[in-house]
Amino acid sequence: MIKKENILSHGVCLCLSILLVYLLGYEQRFDRIFLTYFSLTFLARLTFFRIFFCIWFVIAAIYFPIGFYYGPPNVAVISAIAETDFEEITEFCSQLSVYFYFAPLILALIFIILFKRFSFPKTNNFYLLIFVLGLCFYRPIKAVIKHNPNSFNTISTTLLNNLKYPIFEFSLSFYDSAKLYFQEKQEQLKQIEQTNTIPILSINPQKKNYIIIIGESVRKDYMSAYGFKLDNTPFARTQASIIWDGLITPAPNTQSSIPHLISQSIFLDDKKVNAQLNNNIVSIANEAGFETYWLSNQGKLGTIEITVPRIASYAQHSFYTKKGEYNGKSSRGKHDTLLLPELDNILSTENSKPKLIVMHLIGSHSNFCKRLEFNVQFDLNNKNISCYVSSIKETDDLIAQTISILKKYNQDYSVVYFADHGLAHADQHNDLRHNSEYQDSYRVPFIFFDSDKTPQQKINKQVSGFQLVYLLSNWMGIKLDVNHNYMENELSQIPEQQNIKVKGWDNNKLYQFDKLKKDPNPY
């Protein structure tokens, strides 16, 4: 029982716990608040821990302006610390209200005084300690029990990610983000020292502008262009020059799939494959004399998509709507349409060279409803799926706007759109998630738009996303010295491929595609 005279001190500990979670940029959760509260009531009366907690609360006060805008430590925060110059710091500070100048200083002063003079309550209840430990480890243990071996995380990572103690979370996030940032920085510096090693036989681009639009998490059977009952792709359905039904993406997630889609794949044997990142469509275009651009609405550095920026670094010009994670606080309100003004600027610049412009969308990435720029346009009596179908409609609208900008400058063009991977149903068809067990996680749209007025062509051939870089090079008029059927003159002449293999999650092992389970669309 808490004595009446201790009610005030316990109330202060509870308020401090809530405040710490808020200042560090975390979402207010029961376990975060009460784990902090119990750690204060059990330990803060001891001199060592009193100093320890005081230091952490001062750190939280100083971090508050960053946590408010960018959330807890992530690669965006680390890159800002490592790369931001004085001018950018001045710009950031000029956008802050007066509140953010004084609040951290006042809070830090209050915390120092409080931890120096305040009499923290004493709690020696053994049963309460057991309860706290149970509260602390219930969620992590539950997550480990339910751990899916096909997920991105290992068991240890799952355990750590579910231990919601703010001080521990902050330290771990800061360390992991800093480690990832410096690793990726070094990898990118090494990567750009290498150039394309595939010999180019001839260069004969037929168009002034080539645009590759890489969608996100789209399975083709949710598109009306491929027969879906709701017309969420009216532009692609009616205006595409080629609708290809049969592209099998190499992997069921972004970081494993895109490198193989737009880079050369090296098959070590019949069971493993690696991506030769320097032999990518951008480096090939550079060598062929194209002006190259990479426009992205996914983060420049993130915890999942870490290989794609290495390829993007080959572009002569790049534009990112966000520096770090695609899903942080700084990403709110940043939709794919933010790429269009930059595209307009690129096309307005006079240049005799042909252009390759890669647009990497956030598209239909989960959470689907958060990806929508506008209201939900379709109702399937299911919020998640309705948002998913609507997000595909917004991508179709973006493609239409892209074509409209191209037409404005009266320059010939060819545009290709494909998604990095599909998704599989979960929660009794109430949601869609990454899953390597199903064929539909690999079946993606593959659609071409051309400035030449020709009748729409539909190609129904199953082909592999591995070595798609050859097809894309040929599409751009670049003949490579490789022996592959993607080097045929006409897309329609490419034969259907048999015994297609795909990758699982993070490994390089290959699996037979036709042996995977099927996940029909119930809508």
Problem - Single residue of T36, T47 found to be hydroxyl-bearing (S, T, Y), surrounded by 22 or more Cβ atoms within 10 Å (Cβ to Cβ) and modelled with pLDDT of 85 or more - result: T36
Practice task
Return yes when D269 is in the same structural domain as S366 (by TED's automatic domain parsing), modelled with pLDDT under 85 and either part of a helix (DSSP H, G or I) or not small (G, A, S) (or both) and no when it is not.
Solution key: yes
Exercise for the section: Tell me, please, whether a residue that is touching a residue at least 60 places away in the same chain (Cβ under 8 Å), part of a loop (DSSP other than H, G, I, E, B), touching a strand residue (DSSP E or B) at 6+ places or on another chain (Cβ under 9 Å) and under 30 Å from P234 (Cβ atoms) can be found in region 479-494. Expected result: no
Exercise for the section: Show the residue pairs that are 6+ apart or on different chains and have beta-carbon atoms under 6 Å apart, the first residue being within region 509-523 and surrounded by 15 or more Cβ atoms within 10 Å (Cβ to Cβ), the second being part of a loop (DSSP other than H, G, I, E, B). Expected result: L510/K271; F513/I500; Y523/L380
Handout entry: Residue in region 406-455 that is modelled with the lowest pLDDT, counting only those that are aromatic (F, W, Y) and outside any strand (DSSP E or B)
Key = Y409
Practice task
Could you identify the single residue in D397, D412 that is within 16 Å of E216 (Cβ to Cβ), surrounded by fewer than 22 Cβ atoms within 10 Å (Cβ to Cβ) and over 20 Å from the mean Cα position of the chain (by Cα)?
Solution key: D397
Practice task
Using the structure shown, decide if S283 is within 29 Å of K207 (Cα to Cα), modelled with pLDDT of 90 or more and in contact with a Ser or Thr (Cβ under 7 Å, 6 or more places away or on another chain).
Solution key: yes
Exercise for the section: Please go through region 214-253 and pick out each residue that is surrounded by fewer than 22 Cβ atoms within 10 Å (Cβ to Cβ), hydrophobic (A, V, I, L, M, F, W, C) and part of a strand (DSSP E or B). Expected result: I242, I243, I248
Practice task
Enumerate the pairs (first residue in region 260-272 and basic (K, R); second residue anywhere and surrounded by fewer than 14 Cβ atoms within 10 Å (Cβ to Cβ)) with beta-carbon separation below 8 Å, excluding pairs fewer than 6 apart on the same chain, so at least 6 apart or on different chains.
Solution key: K271/K509; K272/K509
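The values are calculated or read from the model by the stated rules, or taken from the named source; none is laboratory data. Small disclaimer: the values here were computed from a predicted structure and weren't measured. Methodologically, a virtual Cβ is constructed for each residue, glycine included, from the backbone with ideal geometry; neighbour enumeration extends over all protein chains shown.
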